[in-house]
Amino acid sequence: MSQTVDITLNVNGEARQVSVAPTLSALNMVREMLDLTGAKMACGEGECGACTIIVDGQSVNSCLMFAVELDGRNVTTIEGLQSPEGLDPIQQAFVDHGAIQCGYCTPGMIMQTKQLLAEIPNPTDDQIRRGLEGNVCRCTGYTKIFDAIHDVASRTSS
Amino acid sequence: MTEIENYLAPTTIAEATEAMAAGGVVVLAGGTDLMLQLEGKSDGTTLMNVRRVVEMQGVSVDGNRVRIGALASVSDMMSDPVIAETAPVIAETADRFASNQIRNLATIGGNICNASPAGDMIIPLMLLDADVELSRWNGGKVETRNVPLDEFFTGPGKSVMAADELLTAVSYARPAAGFVAGFDKTGPRPALEISMVSVGVAGVRSAGGLSSPRVAYGSVGPTPVRGHKVEAAIDGQTLNDDVVAAALVAADEDVSPISDVRASDWYRRHLVRVMTQEVLNNVANG
């Protein structure tokens, strides 16, 4: 029987305590132990970005991160964007522009957009392309994703 | 191969190396390579997360030397003021590394320890004649040795680092005035590519060329390599057509690529010539 490690972290503004196996991924921890199933497992090797979460203000591939490393950290998942008043403006813009086809990449796209807009509030097409370089939409619905990002950027930065 | 059963999270190099002296330790830093290498099985039974070791974090200056803690992330290289001032080629290379999400996790020390022939961050550090700092527990205290990065790698995934040694930092001397450097890599797309070929060139600009040049290649042999023959061909020379032609012949001799899923030997040699000429031109002429 393997040792489990007790970790304390803040997830979407709430203190959580979990006991994890040393090699468990952050993705499996949030999905299986915290029931936060927004972050998706797709490639499992950091190539697609569907598992993107934000840890202490930095986006990461949660499939490549060890859950033990989240001890003492602040984690935001897609579930944490929504407030009682409604969707995050980025989520709303994705809905408004139909920037969703099958939807599997969407949580990762939105979390990485959150990171991008925190660094560059009004990005150019090239800056969006660079910012989302680690996220893949296999439906290839990129045009509407760009439209949604430009729209939310103009709404929030003006 | 065994299962990971135990977990350690030391906060000092002393604690970490003492644990490694007991054997069976797998070191975790960023985890981006390790997660895929473990897949539930490993060479050790204890996972040691070194991320809380303060002495292995951040970039610092000690006299003439710049020390990059092994835990500094690839993203850190893009925003650190000391790196920007002393060796912008490190930031330039970091900007080409994987994706935002991976750069935020992956560490400089991890990229070196993984000892991939395609490890991007190794190339600019080779141009800077960097040393790696290896620490181990010996006789009740931490013993440290510095190994030139040039002599660190012995094969794919292999290095001179012993099983009980921990890579704690990489350091380089502040480059001379007039030092310039550049990096380029090739893959099918700009992001998330394991380089088919990477090239770095550096030197002090002089008389239409470079003096004390440094040339380094990735993905062209079992380890990242210095282009010693190219360096000899261009050292102090004005880069006219004859000198460049000689440098490209030398480049072909400096590399020993294989054919694999990413590119053929032939194509890699072609890329080495084209990219050497381009990076050399950019670095020497600005």
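The values are calculated or read from the model by the stated rules, or taken from the named source; none is laboratory data. As the structure is a prediction and not an experimental result, all values here were calculated from the model. Counting neighbours? That spans all protein chains shown, and the Cβs are built from the backbone with ideal geometry, glycine included.
At a glance:
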| read-out | value |
| --- | --- |
| Answer from A:52, A:37 - the residue that is farther than 14 Å from residue B:31 by Cβ and at the interface with chain B (Cβ under 9 Å from one of its Cβ atoms) | A:52 |
| Residues being touching a residue at least 60 places away in the same chain (Cβ under 8 Å) and in a loop (DSSP other than H, G, I, E, B) - total across region B:120-140 | 3 |
| Verdict on residue B:42 being at the interface with chain A (Cβ under 10 Å from one of its Cβ atoms) and at pLDDT below 95 | yes |
| Within region B:5-23, considering residues that are in a loop (DSSP other than H, G, I, E, B) and within 28 Å of the chain's Cα centre (by Cα), the one nearest to the other protein chains (Cβ to nearest Cβ) | B:9 |
| All helices (runs of 4 or more DSSP H) inside region B:56-119 with 2 or more residues being at pLDDT 95 or above and among the β-branched types (Val, Ile, Thr) | B:81-86, B:88-94, B:108-113 |
| Residue count, region A:121-136 (criterion: more than 14 Å from chain B (Cβ to nearest Cβ) and under 17 Å from residue A:108 (Cα atoms)) | 0 |
| Residue match in region A:127-137 (condition: assigned to a helix (DSSP H, G or I), in contact (Cβ under 8 Å) with a residue 24 or more places away in the chain and buried (at least 22 other Cβ atoms within 10 Å of the Cβ)) | no |
| Residue A:67 buried (at least 23 other Cβ atoms within 10 Å of the Cβ) and either within 25 Å of residue B:193 (Cα to Cα) or more than 9 Å from chain B (Cβ to nearest Cβ) (or both) | yes |
| Residue check for residue B:107: over 19 Å from residue B:191 (Cα atoms), of a type in the set (Ser, Thr, Tyr) and under 16 Å from the mean Cα position of the chain (by Cα) | no |
| Per-region count, region B:229-281, residues over 21 Å from the mean Cα position of the chain (by Cα), surrounded by 14 or more Cβ atoms within 10 Å (Cβ to Cβ) and of a type in the set (S, T, N, Q) | 3 |
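The rows are residues; the columns are (1) within 12 Å of chain A (Cβ to nearest Cβ); (2) touching a Lys or Arg at 6+ places or on another chain (Cβ under 7 Å); (3) not aliphatic (A, V, I, L, M).
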residue: B:85; (1), (2), (3): no, no, yes
residue: B:96; (1), (2), (3): yes, yes, yes
residue: B:106; (1), (2), (3): yes, no, no
residue: B:118; (1), (2), (3): no, no, no
residue: B:121; (1), (2), (3): no, no, no
